[in-house]
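Only one structure is covered here, and it is reproduced in the block below.
The values are calculated or read from the model by the stated rules, or taken from the named source; none is laboratory data. Keep in mind the model is a prediction, meaning the values are calculated, not measured. Cβ atoms come from the backbone with ideal geometry, glycine included; neighbour counts cover every protein chain shown. Heads up: the accessible areas ignore ligands, DNA and RNA and are worked out on the full protein's heavy atoms, side chains in. Shrake-Rupley method; radii C 1.70, N 1.55, O 1.52, S 1.80 Å.
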Amino acid sequence: RVQKLRKEIEKHNRLYYEKAKPEISDPEFDRLVKELEDLEAEHSGLRSASSPTQRVGGKPAQGFVTVEHPVPMLSIDNTYSKEELADFTIRVKKNLADETAEYMMELKIDGVSLSLFYEGGELVRAATRGDGTRGDDITANARVIESIPKRLKGAVSGRIEVRGEIFLERKVFERINSQRKKDGEDLFVNPRNAAAGSLKLLDPTIVAARKLSFFAHSVGVYDAQMFKKHSELLDRFEVWGFPVNKHRRVC
């Protein structure tokens, strides 16, 4: 069963990350991964460093320069269970002892992870997540996405790696699919895969025409002192000129 699950998960990883043509839904995929994780935890002799439970995303695409992430771009945990969410809250309270926990809540947008490196406030590199350790240098494509600042507002010294999400608004996605239908091309399955496919294009002029959107949500490398609260970081992103998810709240 472990071997079968690994092969099936690898297949769906390739379809999702490398070909942008998924065959199953996210919950279905997550159930496969959860079953494999449980089996590997129960039978330690079956664990393997090459298991898809130990990796993130897919291989870097062909045609782009591969770059290393100084800080790995890991996937976030998820749950479909109120009980697991309650357990998480208990662990947070336990670790904070007598402190009161605050949560930064925001809607999850199903897009494509992107790393943006700035030096002295200037955009110098953009990279995809790839396998979490190495990704594709897509700086030329990032420069034609209007919502990505090419220079940060205000005085920003040193290096900062801003991480965020590339996505397509539904009205833009529908316009693209309408044009593809007229041109006799295969339709994109969903906005996430349309966004992923767009970033793999080698012609930045086509990328610009796709009208991709971006918002910032976190940092990787940062030479200055880190913010004490995640909400403060998101507020600073806005000052620097980044779009930030408007559907957010401190709770």
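Which one of these does Arg248 not meet: (1) touching a Leu at 6+ places or on another chain (Cβ under 7 Å); (2) in contact (Cβ under 8 Å) with a residue 60 or more places away in the chain; (3) within 26 Å of Lys21 (Cα to Cα)?
Unmet condition: (3).
I'm trying to understand the selection: among the residues of segment 239-251, which are touching a strand residue (DSSP E or B) at 6+ places or on another chain (Cβ under 8 Å) and open to solvent by 90 Å² or more (accessible area, probe 1.4 Å)?
Result: His247, Arg249.
With respect to Ser198, is the statement that it is at pLDDT below 95 and hydroxyl-bearing (Ser, Thr, Tyr) true?
So Ser198 passes the test.
Rundown of residues vs (1) in a helix (DSSP H, G or I); (2) open to solvent by 70 Å² or more (accessible area, probe 1.4 Å); (3) touching a Pro at 6+ places or on another chain (Cβ under 9 Å); (4) touching a residue at least 60 places away in the same chain (Cβ under 8 Å), yes/no style:
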residue: Ala196; (1), (2), (3), (4): yes, no, no, yes
residue: Val221; (1), (2), (3), (4): no, no, yes, yes
residue: Phe227; (1), (2), (3), (4): no, no, no, no
residue: Asp235; (1), (2), (3), (4): yes, yes, no, no
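Hey, does segment 207-219 have a residue that's assigned to a helix (DSSP H, G or I), within 27 Å of Thr133 (Cβ to Cβ) and in contact (Cβ under 8 Å) with a residue 60 or more places away in the chain?
Taking every residue of segment 207-219 in turn, at least one turns out to be assigned to a helix (DSSP H, G or I), within 27 Å of Thr133 (Cβ to Cβ) and in contact (Cβ under 8 Å) with a residue 60 or more places away in the chain.
From the residues in segment 161-194 that are among the acidic types (Asp, Glu), exposed (fewer than 15 other Cβ atoms within 10 Å of the Cβ) and not in a helix (DSSP H, G or I), which one is farthest from the chain's Cα centre (by Cα)?
Asp183
Taking the options Glu23, Glu37, Glu28, name whichever one is farther than 30 Å from Lys150 by Cα, assigned to a loop (DSSP other than H, G, I, E, B) and open to solvent by 70 Å² or more (accessible area, probe 1.4 Å).
Going through Glu23, Glu37, Glu28 in turn, just one is farther than 30 Å from Lys150 by Cα, assigned to a loop (DSSP other than H, G, I, E, B) and open to solvent by 70 Å² or more (accessible area, probe 1.4 Å): Glu23.
Pull up segment 82-113, narrow it to residues that are open to solvent by 80 Å² or more (accessible area, probe 1.4 Å), closer than 19 Å to Phe167 by Cβ and in contact (Cβ under 8 Å) with a residue 40 or more places away in the chain, then point me to the one that is nearest to the chain's Cα centre (by Cα).
Once the filter is applied, the top-ranked residue is Leu107.
Would a scan of segment 54-76 turn up a residue that is modelled with pLDDT under 85, farther than 30 Å from Ser115 by Cα and surrounded by fewer than 10 Cβ atoms within 10 Å (Cβ to Cβ)?
There is no residue in segment 54-76 that is modelled with pLDDT under 85, farther than 30 Å from Ser115 by Cα and surrounded by fewer than 10 Cβ atoms within 10 Å (Cβ to Cβ).
Please verify whether segment 114-124 includes one or more residues that are within 28 Å of Val172 (Cβ to Cβ), under 14 Å from the mean Cα position of the chain (by Cα), open to solvent by 30 Å² or more (accessible area, probe 1.4 Å) and of a type in the set (Val, Ile, Thr).
No; the residues of segment 114-124 include none that is within 28 Å of Val172 (Cβ to Cβ), under 14 Å from the mean Cα position of the chain (by Cα), open to solvent by 30 Å² or more (accessible area, probe 1.4 Å) and of a type in the set (Val, Ile, Thr).
Looking for something at pLDDT 90 or above, in a loop (DSSP other than H, G, I, E, B) and more than 30 Å from Asp223 (Cβ to Cβ) - is there at least one such residue anywhere in segment 112-125?
Checking segment 112-125: not a single residue is at pLDDT 90 or above, in a loop (DSSP other than H, G, I, E, B) and more than 30 Å from Asp223 (Cβ to Cβ).
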